[in-house]
Amino acid sequence: MTGFSFSRARVLQVVGIVVMVIVGVALPYLAMVWQNPASEIVVFRGSLFPTANFVGGLEPLDLPNYSPGEKAQQIRLALNVMSTGPSLHQIGAVLSIITVACLFQNEINKFWWWPLHLAGWLLAVAFVPLLVGAALLSLQEVEFTLLPAWVMLTGAGVVVLVCTFKSRHRIDR
């Protein structure tokens, strides 16, 4: 029972996961209006990795129409909550690409299966803080647009979870 099997079903699972993650990483994730250090109003538009760094590094003072006070605290909270989504998507994307080949094993090593399974959860649930943060930012009238990458990455997470649940009986004991 040990070894690898490259059956059509397993190849389609792995290729599907890899393609969905790569497309999700390459597609645009977020567009947001902000004020750069030269006090110019610009639009940030980026894929997953630049977006996570951008949102995580933003301060309320970097946004147009900034006014100190309670609104600034609410914007800071919204940015922190929102930045959790792309961060979880980053971790899940990298981890799933590294560990997805374990699905080819007839007897899956549990030290490869569990990280893949957890990556699926990270990808699948990262939309929750992303959308909560987006709703909080909308309440503060911050201009931004969520773009399609998060949908693809969330879908990849669901596919990873389905594949890992289906392969659970093959984990080595």
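If a residue has to be of a type in the set (A, V, I, L, M, F, W, C) and at pLDDT below 90 to count, how many in the range 64-99 make the cut?
Selection size over the range 64-99: 1.
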* To do: Just give me the residues in the range 27-45 being in a strand (DSSP E or B) and not β-branched (Val, Ile, Thr), in sequence order.
  => Leu30, Ala31, Met32, Trp34, Gln35, Phe44, Arg45
* Working only within the range 37-53, note down all residues that are surrounded by fewer than 17 Cβ atoms within 10 Å (Cβ to Cβ), modelled with pLDDT of 90 or more and polar (S, T, N, Q). => Asn53
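Is the range 17-26 home to any residue that is assigned to a strand (DSSP E or B), aliphatic (A, V, I, L, M) and open to solvent by 30 Å² or more (accessible area, probe 1.4 Å)?
no
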* To do: Count, please, the residues in the range 64-83 that happen to be in contact (Cβ under 8 Å) with a residue 60 or more places away in the chain and within 20 Å of Ala31 (Cβ to Cβ).
  => 4
* To do: All but one of (1) open to solvent by 50 Å² or more (accessible area, probe 1.4 Å); (2) touching a residue at least 60 places away in the same chain (Cβ under 8 Å) hold for Gly3, so report the exception by its number.
  => (1)
* Asked: What number of residues within the range 47-69 satisfy the criterion of being of a type in the set (A, V, I, L, M) and more than 13 Å from His89 (Cβ to Cβ)?
  -> 3
* Out of the residues in the range 54-67 that are assigned to a helix (DSSP H, G or I) and not charged (D, E, K, R), which is surrounded by the fewest Cβ atoms within 10 Å (Cβ to Cβ)? -> Gly57
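Among the listed residues Leu77, Leu63, Leu48, Leu95, which satisfies the condition of being closer than 28 Å to Gln140 by Cβ and within 12 Å of the chain's Cα centre (by Cα)?
None of the others qualify; the one that does is Leu48.
The values are calculated or read from the model by the stated rules, or taken from the named source; none is laboratory data. The shown structure was predicted, so the numbers you read here are calculated from the model rather than taken from an experiment. With ideal geometry, Cβ positions are generated from the backbone for all residues, glycine too; neighbour counts draw on all protein chains shown. When the accessible area is computed, the model is the full protein with side chains, heavy atoms only, and any ligands, DNA or RNA have been set aside. Shrake-Rupley method; radii C 1.70, N 1.55, O 1.52, S 1.80 Å.
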